[in-house]
1. Let me see the pair-distance distribution of segment 67-173: every alpha carbon pair, 10 Å bin width, integer percents in order.
2. Test of the criteria: in segment 85-132, which trypsin sites (Lys or Arg not before Pro) are in a DSSP loop and have at most 12 other Cβ atoms within 10 angstrom of their Cβ?
3. With no solvent and one point per C-alpha, what does the Debye sum give as log10 I(q)/I(0) for segment 11-123 at q = 0.13, 0.14 Å⁻¹?
4. As a test, work out the antiparallel percent of DSSP beta bridges whose residues both lie in segment 22-176, rounded to the nearest 5.
5. For residue 35, what residues show an amide H to amide H distance below 5 Å, using hydrogens built from the backbone and excluding near sequence neighbours?
6. Just to confirm a number: summing +1 for Lys and Arg and -1 for Asp and Glu over residues other than residue 248 whose beta-carbon lies under 12 angstrom from that of residue 248, what do you get?
7. Full extension from residue 216 to residue 267: what is 0.36 nm times the residue separation minus their Cα-Cα distance, to one decimal in nm?
8. Restricting attention to the alpha-carbon atoms of segment 1-72, what are Rg (one decimal) and Dmax (integer), both in Å?
Amino acid sequence: MLKVLKFGGSSLADAHQFAKVKSIVDADPARRVVIVSAPGKRFSGDHKITDLLYLCAAHIKYGVSCEDIFAMIRDRYNEIIAECGLKLSLDKEFDELWSKMQSGISKDELASRGEYFSARLMSEFLGFEFLDAALWVKFKFDGSVDRDASYAALRAAAEGRRVVIPGFYGIMPNDTIKTFSRGGSDITGAIVARAAGADEYENWTDVSGFMIADPRIVPGAKSISIITYRELRELSYMGATVLHEDAIFPVKKAGIPIHIKNTNAPEDDGTR
Ligand code: ASP
């Protein structure tokens, strides 16, 4: 039995959320492959790491200093490192990233670092190996994923191992980093689930599955326990933000069930 898990940004927002992820992963030995987003908001009004990275990219583009924003990003990770009692230090890599930002870095590469650092921390925290998405999520020149090449490369790299993989990005044929559209870690998770032949793709978020209506508009809206791939894709396409619409195709084709679960209420059934 193999379960592939993807955790969204709110599930990784701080050390407290990291601890929830660990207890979810530790609770089931089938949970051997974990995909992570970049840390999201801790409270309303807080910033997502990815938004801050895009903000840095915009500052660089217009020649304005982003030192303060970069310091905020660095502090977020260092806080998680300290509070989770991790031994690794990202100082050298942050220094290198900062100098690359001075000399020229693509927007995609900069944005991808949110997931990259998140996965580095999570792999140490879980005691899993870190597997960089740049080694196996392969894009074609037209920007679409080279599925066969990616599936084969992932299988070769991850078979039989317990790994943490950063979501959201991969590599172009010319070795530059490319990101998916926003929310794209869901797609990475689906590609991994398909490539690894998972029995289930667990997508961990901050709601207990798909609901029959937007709970902010209809309080107490019930969640849907089972939904077809087609209905799910339609809802995602129409604006339900639970799952990226492109995350359905890879698992649908192989008949791998998607299970949407709530990191903050793991006992809830969620949506299959
Ligand atoms: N971190 C990226 C974003 O904010 C990708 C993701 O979370 O799936 O869009």
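The values are calculated or read from the model by the stated rules, or taken from the named source; none is laboratory data. Predicted model, so just to flag it, every value in this text is computed and none were measured. Virtual Cβ from ideal backbone geometry, glycine too; neighbours counted across all protein chains shown. Ligands, DNA and RNA are stripped out before the accessible areas are found, and what is left, the full protein with its side chains, is counted by its heavy atoms. Shrake-Rupley method; radii C 1.70, N 1.55, O 1.52, S 1.80 Å.
1. 13, 40, 32, 14, 0
2. Values: sites: 87, 92, 100, 107, 113, 120; in loops: 87.
Passing sites in segment 85-132 are 87.
3. -0.51, -0.58
4. On the way: 1 of 8 bridges.
If we restrict to bridges inside segment 22-176, about 10 percent are antiparallel.
5. Here the answer is 5, 6, 7, 165, since their amide H atoms fall under 5 Å of that of residue 35.
6. Numbers: positive: 194, 230, 233, 252, 253; negative: 186, 231, 234, 245, 246.
Neighbourhood net charge equals 0.
7. Values: separation 51, 0.36 × 51 = 18.36 nm, distance 2.20 nm.
This chain segment gains 16.2 nm when fully extended.
8. Just the Cα atoms of segment 1-72 yield Rg and Dmax of 15.9, 51 Å.
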